[in-house]
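*Asks:* One structure coming up, written as structure tokens, with questions to follow.
Nothing in this text is a laboratory measurement; each read-out follows from the coordinates by a stated rule. These numbers were taken from a predicted model, which means no experiment stands behind them. Cβ placement follows ideal geometry from the backbone for every residue including glycine, while neighbour counts extend to all protein chains displayed.
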Amino acid sequence: MAIGILGTGSYIPEVVTKNEHFLEHEFYSNQGDRFEVDNNEIIEKFQAITGIRERRYAQDDELTSDLGYQAAKNAIEDAAIDKETIDYIIFAHNFGDVRKGENQSDLIPSLASKVKNQLQIKNPNCVAYDMIFGCPGWIEAMIQAKAFIQSGMAKNCLVIGGEALSRVVDHHDRDSMIFADGAGACILGETQGDGEILAHHSQTFAGDETFYLYFDKSNHKENGYDNTRFIKMNGRKVYELAVVNVPEALRVCLEKSGESIDSVKKVFIHQANEKMDEAIIKRFYRKFKKEVPENIMPMNIQTVGNNSVATVPILYDMVRQGAYNEHELQAGDIIIMASVGAGMNINAIVYKY
């Protein structure tokens with residue numbers, strides 16, 4: 001049985017937030033000290049490392065579940081299936097629905113149930129649940145969906161990755177400039193050889209690495225948000241873990257698939273940081289004593305930002321829809337999807353397009 005992607009969809013919010021937006025922000029260190037350097041210098045250094053020039057934020061009345069619904073609707077249309085044939089809806093996210101101006105996460109009902117409601121799927125046997133797995137959540141949900149189909153428990157699965165990180169960032173933290181909003185989705189089902197998951201690999205590093213991404217108070221200790229927590233990141237530690245362990249996870253997954261490094265046409269890596277992703281792909285090819293091929297790694301972080309669990313499905317959908325002339329996919333192409341994030345979790349999929 002071949003199990004593959006029947007259709008994809010994505011939703012990128014309309015609010016464009018350029019780096020210049022942060023010029024008037026007051027940035028503080030983790031110790032609560034205000035940075036003496038000019039914001040122009042902070043932003044220039046940030047762009048040089050991450051590659052991000054602008055990012056997208058959800059509109060004031062949009063929630064993460066709304067973003068996921070739009071991506072899901074597009075994926076169902078692309079797959080040309082009856083929505084009532086969907087057996088599972090798995091929504092990968094990390095922070096639930098957080099309304100603009102509020103600081104409480106809404107997780108009841110689950111975001112997957114909210115999407116099912118918005119899609120008006122009436123079949124009660126369509127089971128909807130959420131996946132919390134850090135940025136690699138969408139890939140991990142794909143792995144679960146594959147298992148459901150392979151075991152005969154499902155025919156079609158809707159897998160969504162969505163996040164509205166603009167609602168949970170500390171605007172006094174330089175790392176807040178990394179994060180963005182968006183959603184991507186796909187329909188996974190049995191195929192006739194035109195699309196197939198060949199192998200997958202997942203890991204959790206839960207020693208000191210567990211707390212490289214965490215929730216904590218604002219860097220500005222006197223801003224009146226004593227009881228509010230924001231997403232925080234030890235960027236240097238995340239980088240060090242990722243550039244060592246993600247290339248190895250890619251190697252292991254490719255080995256499991258039986259495919260050669262020369263057959264790989266594209267590698268879709270979680271859009272976390274341009275420099276980090278470039279280091280990952282170089283180290284991956286170095287394991288095979290190869291140079292990185294031209295145009296092997298699509299990227300959209302420059303204009304979309306890091307929307308966490310949504311980065312891989314959004315990027316994959318954009319490439320499928322012809323957003324980049326240099327990144328076309330052809331039937332039979334071998335591609336790899338990989339992510340790293342809170343947990344710390346790492347995973348990868350080798351896929352035959």
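*Asks:* Give me the distance between the Cα centres of the stretch 296-353 and the stretch 206-263, rounded to whole Å.
*Replies:* After rounding, the separation between the Cα centres reads 18 Å.
*Asks:* OK, next. For the stretch 1-149, what's the radius of gyration and Dmax over Cα atoms, in angstrom?
*Replies:* Calculated on Cα positions, Rg and Dmax stand at 19.2, 60 Å.
*Asks:* Taking H as built 1.01 Å from N, whose amide H comes closer than 5 Å to the amide H of G7, not counting residues under 5 places away?
*Replies:* I187
*Asks:* Express the relative contact order of the stretch 154-229 as a whole percentage, based on alpha carbon pairs under 8 Å and six or more residues apart in sequence.
*Replies:* Relative contact order for the stretch 154-229 comes out at 31 percent.
*Asks:* Under 20 Å from the Cα of K217, which lysines turn up, not counting those fewer than eight places away in the same chain?
*Replies:* K100, K232, K237
*Asks:* Moving on to the next point. Among [x] 47; [y] 42; [z] 30, which one is percent of Cα pairs over 31 Å apart computed from these coordinates?
*Replies:* The calculated read-out lines up with [z].
*Asks:* For each of S260, S110, S166, count neighbouring Cβ atoms within 10 Å of the residue's Cβ, then give the residues from fewest to most.
*Replies:* S260, S110, S166
*Asks:* At a Cα cut-off below 19 Å, give the lysines reachable from K18, other chains included and same-chain residues fewer than 8 away excluded.
*Replies:* Within the straight-line limit of under 19 Å, K18 reaches these lysines: K45.
*Asks:* Another question, if that's okay. So what is the relative contact order for the chain, in percent, with contacts set as C-alpha pairs under 8 Å and at least six apart? Present the calculation step by step, with values, prior to reporting the outcome.
*Replies:* Working: 860 pairs, mean separation 89.7, N = 353.
Answer for the chain is 25 percent.
*Asks:* For the chain, what proportion of DSSP beta bridges, expressed in % and rounded to the nearest 5, is antiparallel?
*Replies:* Close to 70 percent.
*Asks:* Can you give the helix-only mean residue ellipticity at 222 nm for the chain, where every DSSP H stretch with n ≥ 4 adds -39500 (n - 2.57) and the sum goes over all residues, rounded to the nearest 500 deg cm²/dmol?
*Replies:* -9000 deg cm²/dmol
*Asks:* Another question about this same structure. Take E248, E291, E36 and order them by how many other Cβ atoms sit within 10 Å, fewest up front.
*Replies:* E36, E291, E248
*Asks:* If you don't mind, there's one more thing I want to ask. Scanning the chain for helices, which whole DSSP H stretches are 15 Å or more long along the axis (Cα) and average 0.0 or more by Kyte-Doolittle?
*Replies:* 137-150, 235-257
*Asks:* Another question, if that's okay. What list do you get for E41, E54, E328 if you sort them by fewest beta carbons within 10 Å?
*Replies:* E41, E328, E54
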